[in-house]
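Here the structure is laid out as structure tokens; the discussion comes afterwards.
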Amino acid sequence: MENLTIEATRYTPSVILDAENGFIKIMGKSYPENTFEFYKPVMEWLEEYFKNPQVNTVVKMEIIYFNSSSSKLFFDFFDLLEENNDKSHITVHWIYDAENESALEAGEEFIEDFEDLEIQLQEKE
């Protein structure tokens, strides 16, 4: 399976999807003009990855800012992870800056919404 890398732009995060190492990283701002179009290849990659995933999958998310449509997309993203939690041990690291209270609160909300998914809040060093 091919890895997928998307470079960050002013409105979109960088995305690294590494099947061989079971590593997913999304970092930056997320307010693309068409959120679902931007994340479509990411979601398709994940669906393909979970057909034959690594034993452990590590997800690192460091989202500085995201709009409401990205919030909905992240809900779908976590939903997909949670659905496949029985195929791979998935650990999500929600990385936030101590100055960014809304990022911390978003991470806390995702923990509440996805009880069967291991989401760890991690303050940025």
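Observations
- Condition met for P32 (touching an Asp or Glu at 6+ places or on another chain (Cβ under 9 Å) and more than 18 Å from D79 (Cβ to Cβ)): no
- Answer from T5, T35 - the residue that is hydroxyl-bearing (S, T, Y), under 14 Å from the mean Cα position of the chain (by Cα) and more than 20 Å from I95 (Cβ to Cβ): T35
- Checklist (1) farther than 21 Å from I16 by Cβ; (2) buried (at least 17 other Cβ atoms within 10 Å of the Cβ) applied to S68, failing item: (2)
- Residue in region 98-108 that is surrounded by 15 or more Cβ atoms within 10 Å (Cβ to Cβ) and in contact with a helix residue (DSSP H, G or I) (Cβ under 6 Å, 6 or more places away or on another chain) present: no
- With a requirement of 2 or more residues that are of a type in the set (K, R) and in contact (Cβ under 8 Å) with a residue 24 or more places away in the chain, the strands (runs of 3 or more DSSP E) lying completely within region 1-88 that satisfy it span 23-30.
Just so you know, all these numbers are worked out from the coordinates, no wet-lab data involved. Given the structure is predicted, the values throughout are model-derived calculations rather than measurements. When we count neighbours, we look across all protein chains shown, and the Cβ atoms used for this are built from the backbone with ideal geometry, even at glycine.
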